[in-house]
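K.L.:
Below is one structure. I have some questions about it.
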Amino acid sequence: MRILAIDPGSKRIGVAISDTTGTIANPLTVLNHIARLVDAAAVAELAKANGATLIVVGQSLDEKGIPSFEGRRAGRFADALKSQTDLPVVFWDESLTTQDARSARIALNVSRKNRAGHLDSLAATVLLQSYLDANPQK
């Protein structure tokens with residue numbers, strides 16, 4: 001069972017995929033944002049091409065657990081994605097995934113020069129691993 005996760009952003013969409021056992025998350029790619037329906041179609045195609053059976057969409061929540069501005073954008077993206085695929089689409093709290101991705105690069109002793117740039121696919125990987133750890137596959 002492979003699971004695809006996305007970390008939707010206003011400029012880029014980070015994408016991660018699990019291994020076939022649904023236990024380990026790996027970065028897959030980064031998509032540049034074009035338009036909601038175009039992006040949703042691209043994600044749906046990636047899910048199909050990689051044999052995913054579930055799509056996890058990162059949604060940021062405020063301190064009360066209510067979707068933030070970006071979380072509401074993720075909700076609209078998920079609605080567009082649902083119109084492009086028959087796969088189940090679920091939300092997962094993406095709070096702090098980018099910070100965790102940045103910390104992971106530092107922990108791996110990646111030089112400051114090589115840490116520059118986007119963290120989108122790594123943030124999607126952190127998001128997916130969090131989901132996999134909380135929802136072990138049977």
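The values are calculated or read from the model by the stated rules, or taken from the named source; none is laboratory data. In this text the structure is predicted, and so the values were computed from the model without any measurement. Neighbour counts run over all protein chains shown; Cβ positions are idealised from the backbone, glycine included.
K.L.:
If I go through segment 74-88 residue by residue, how many of them are in a loop (DSSP other than H, G, I, E, B) and of a type outside the set (Val, Ile, Thr)?
P.N.:
Matching residues across segment 74-88 total 5.
K.L.:
Quick one: residue 6 ticks every box in (1) assigned to a loop (DSSP other than H, G, I, E, B); (2) in contact (Cβ under 8 Å) with a residue 24 or more places away in the chain; (3) of a type in the set (A, V, I, L, M) except a single one, so which number is it?
P.N.:
Condition not satisfied by residue 6: (1).
K.L.:
Got at least one residue in segment 75-85 being basic (Lys, Arg) and modelled with pLDDT of 95 or more?
P.N.:
Among the residues of segment 75-85, at least one is basic (Lys, Arg) and modelled with pLDDT of 95 or more, which makes the answer yes.
K.L.:
Enumerate the pairs (first residue in segment 13-25 and at negative phi and buried (at least 19 other Cβ atoms within 10 Å of the Cβ); second residue anywhere and modelled with pLDDT of 95 or more and of a type in the set (Asp, Glu)) with beta-carbon separation below 7 Å, excluding pairs fewer than 6 apart on the same chain, so at least 6 apart or on different chains.
P.N.:
Between residues of segment 13-25 that are at negative phi and buried (at least 19 other Cβ atoms within 10 Å of the Cβ) and residues that are modelled with pLDDT of 95 or more and of a type in the set (Asp, Glu), the close pairs are 13/39.
K.L.:
Within segment 36-43, is there a residue that is within 20 Å of residue 133 (Cβ to Cβ) and under 13 Å from the mean Cα position of the chain (by Cα)?
P.N.:
Within segment 36-43, none of the residues are within 20 Å of residue 133 (Cβ to Cβ) and under 13 Å from the mean Cα position of the chain (by Cα).
K.L.:
Shifting gears a bit: Sort out which residues of segment 12-34 are more than 22 Å from residue 86 (Cβ to Cβ) and either in a helix (DSSP H, G or I) or hydrophobic (A, V, I, L, M, F, W, C) (or both), and write them in order of number.
P.N.:
Listed by number, the residues that qualify are 24, 25, 30, 34.
K.L.:
Working only within segment 47-73, note down all residues that are of a type in the set (A, V, I, L, M, F, W, C), at pLDDT below 95 and either assigned to a helix (DSSP H, G or I) or touching an Asp or Glu at 6+ places or on another chain (Cβ under 9 Å) (or both).
P.N.:
61, 69
K.L.:
Turning to a different aspect of this structure: In segment 26-55, which residue that is of a type in the set (D, E, K, R) and more than 19 Å from residue 72 (Cα to Cα) is surrounded by the fewest Cβ atoms within 10 Å (Cβ to Cβ)?
P.N.:
Filtering first and then ranking leaves 45.
K.L.:
Examine segment 27-38 for a residue that is in contact (Cβ under 8 Å) with a residue 24 or more places away in the chain and either more than 22 Å from residue 119 (Cα to Cα) or touching a Pro at 6+ places or on another chain (Cβ under 7 Å) (or both), and state whether such a residue exists.
P.N.:
Yes, some residue in segment 27-38 is in contact (Cβ under 8 Å) with a residue 24 or more places away in the chain and either more than 22 Å from residue 119 (Cα to Cα) or touching a Pro at 6+ places or on another chain (Cβ under 7 Å) (or both).
K.L.:
Test of understanding: among 126, 89, which residue is buried (at least 19 other Cβ atoms within 10 Å of the Cβ), closer than 22 Å to residue 19 by Cβ and modelled with pLDDT of 95 or more?
P.N.:
89
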